[in-house]
Amino acid sequence: MTHEVAVIPGDGIGRGVVPSAVDVLEATEADLTFVHDEAGDAVATECGDPLPAETADLARRADATLFGAAGETAAEVVLPLRSAVDSFVNVRPARAYPGVDALHPDVDVVFLRENTEGVYVGDETREDGRATLTRVVTADASRKLAEFACEFVAERGFDGLTVAHKANVMQETDGLFLETVEAVADERGVAVDPVLMDALATHLCLHPEEYDVIVTPNLAGDVLSDLAAGLVGGLGLLPSANLGDERGLFEPVHGTAPDIAGEGVANPVAAVLSAAMMLEFLGYDEEGERVRTAVEDVLADGPRTPDLGGEAGTDEVTGAIVERL
Ligand code: IPM
Ligand code: MN
């Protein structure tokens with residue numbers, strides 16, 4: 001049975017790296033049908049809406065969506081796309097690779113970021129020199145994330161999970177988040193290590209090798225995963241999967257990188273690894289693994305893009321990955 005994949009490159013380097021990911025997906029010979037559409041700044045300028053209804057519908061209907069990045073309109077594009085696929089968790093693995101200069105060569109950590117609420121609900125006002133933001137945490141969303149996290153830990157044979165929180169200050173919101181994650185983990189016999197997110201930021205810089213799976217509220221996951229990118233060699237390496245029960249949206253953690261957009265030198269690895277996560281989500285485990293191995297080989301032997309100290313362009317790196325496949 002063929003799977004329909006929506007391809008939405010967006011703006012900036014999204015337009016360079018998403019075609020690379022599609023080339024790699026095609027080379028695996030997984031049974032995929034690609035449907036292309038547009039979203040982002042350029043579309044907003046053209047038709048007034050950064051995420052036309054037609055593009056959102058495509059994501060809602062497709063089995064999986066591959067997204068690149070959006071510029072100024074990022075929040076208006078990616079947040080509705082994440083809800084279009086009903087994603088409740090954003091899976092963000094960060095690992096160091098042999099051959100890539102990393103601050104910490106032994107990082108291999110996965111952030112499981114809450115993907116629907118927290119400060120991302122969009123309830124913000126500003127009036128007369130006073131701005132407010134509503135932070136929403138529900139037991140339902142926290143439980144859904146915790147259940148996923150416990151399964152993730154059990155399936156991959158980890159000892160337990162770390163949960164990032166700031167319940168000493170946000171006693172009700174993060175209090176509820178932490179209590180819910182702890183309760184679900186307790187029901188399922190999974191060990192939990194609760195860590196204040198500020199202390200976690202320090203400890204991640206000093207001893208990232210001590211962490212496997214970190215469950216986070218929405219904004220904390222955004223910040224901590226970028227921090228982890230810095231530990232392993234940069235944002236060019238981090239993929240992500242926004243998962244729902246039936247659909248998923250797969251996107252690199254990086255943005256549009258306007259400083260290098262259009263120059264053909266963007267690192268395709270984050271997008272290609274996002275495509276590998278998509279393959280696994282769709283049940284093409286063997287193909288996903290092959291893509292990951294091909295990427296690892298190319299990172300070890302080159303060619304590499306300038307962000308990793310190399311001189312190769314996006315196409316050359318993509319070609320090398322395809323060649324390995
Ligand atoms: C990311 C981005 C988005 C987020 C923005 C653009 C809405 O920073 O994917 O990490 O905060 O999730
Ligand atoms: Mn981010």
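The selection criterion, being surrounded by 19 or more Cβ atoms within 10 Å (Cβ to Cβ) and on the phi < 0 side of the Ramachandran plot, does not hold for residue 263. The numbered conditions (1) more than 16 Å from ligand 1 (Cβ to nearest atom); (2) out of contact with any helix residue (DSSP H, G or I) (no Cβ under 8 Å at 6 or more places or on another chain); (3) closer than 20 Å to residue 153 by Cα are all true for residue 208 except (2). Within the range 233-262, the set of residues being out of contact with any strand residue (DSSP E or B) (no Cβ under 8 Å at 6 or more places or on another chain) and either β-branched (Val, Ile, Thr) or near ligand 1 (Cβ under 9 Å from one of its atoms) (or both) comprises just one member, 260. I'd like to know if the range 76-87 contains one or more residues that are modelled with pLDDT of 95 or more and under 21 Å from residue 192 (Cβ atoms). No; the residues of the range 76-87 include none that is modelled with pLDDT of 95 or more and under 21 Å from residue 192 (Cβ atoms).
Restricted to the range 225-238, and to residues that are within 13 Å of the chain's Cα centre (by Cα) and more than 10 Å from ligand 2 (Cβ to nearest atom), which residue is farthest from residue 312 (Cα to Cα)? Within the range 225-238, the match that is farthest from residue 312 (Cα to Cα) is 228. In the range 161-174, the residues that are touching a residue at least 60 places away in the same chain (Cβ under 8 Å) and buried (at least 17 other Cβ atoms within 10 Å of the Cβ) form Cβ pairs under 9 Å with partners that are among the hydroxyl-bearing types (Ser, Thr, Tyr) and outside any helix (DSSP H, G or I), at six or more places apart or across chains, as follows: 164/216. Of the residues making up the range 59-73, those that are within 20 Å of residue 275 (Cβ to Cβ) and within 15 Å of ligand 2 (Cβ to nearest atom) are 67, 68, 69, 70. For residue 279, are the conditions met, namely being among the hydrophobic types (A, V, I, L, M, F, W, C), farther than 22 Å from residue 107 by Cβ, buried (at least 21 other Cβ atoms within 10 Å of the Cβ) and touching an Asp or Glu at 6+ places or on another chain (Cβ under 8 Å)? Taking the combined requirement at face value, the residue satisfies it. Taken over the range 142-174, the criterion of being touching a strand residue (DSSP E or B) at 6+ places or on another chain (Cβ under 6 Å) and in a helix (DSSP H, G or I) is satisfied by 145, 148, 149, 153, 174. For the range 187-211, a tally of residues being in contact with a strand residue (DSSP E or B) (Cβ under 8 Å, 6 or more places away or on another chain) and either without any contact (Cβ under 8 Å) to a residue 24 or more places away in the chain or of a type in the set (S, T, N, Q) (or both) returns 1. Restricting the search to strands (runs of 3 or more DSSP E) fully inside the range 1-102 and requiring at least 1 residues that are free of Cβ contacts under 8 Å to residues at least 60 places away in the same chain and within 16 Å of ligand 1 (Cβ to nearest atom) gives 3-10.
Scanning the range 215-232 for residues that are touching a Leu at 6+ places or on another chain (Cβ under 8 Å), more than 11 Å from ligand 1 (Cβ to nearest atom) and over 20 Å from residue 102 (Cα atoms) returns 215, 216. Against the conditions (1) without any contact (Cβ under 8 Å) to a residue 12 or more places away in the chain; (2) basic (Lys, Arg); (3) within 16 Å of ligand 1 (Cβ to nearest atom), residue 135 satisfies every one except (1). Of 64, 44, 39, all but one fail to be out of contact with any strand residue (DSSP E or B) (no Cβ under 6 Å at 6 or more places or on another chain) and of a type in the set (A, V, I, L, M, F, W, C); the exception is 44.
If you go through the range 291-325 and keep only what is outside any helix (DSSP H, G or I), more than 14 Å from residue 236 (Cβ to Cβ) and among the hydrophobic types (A, V, I, L, M, F, W, C), you end up with just 325.
The values are calculated or read from the model by the stated rules, or taken from the named source; none is laboratory data. Because the structure is predicted, anything quoted here is derived from the model rather than measured. Please note: Cβ atoms are built from the backbone with ideal geometry, for glycine as well, and neighbour counts cover all protein chains shown.
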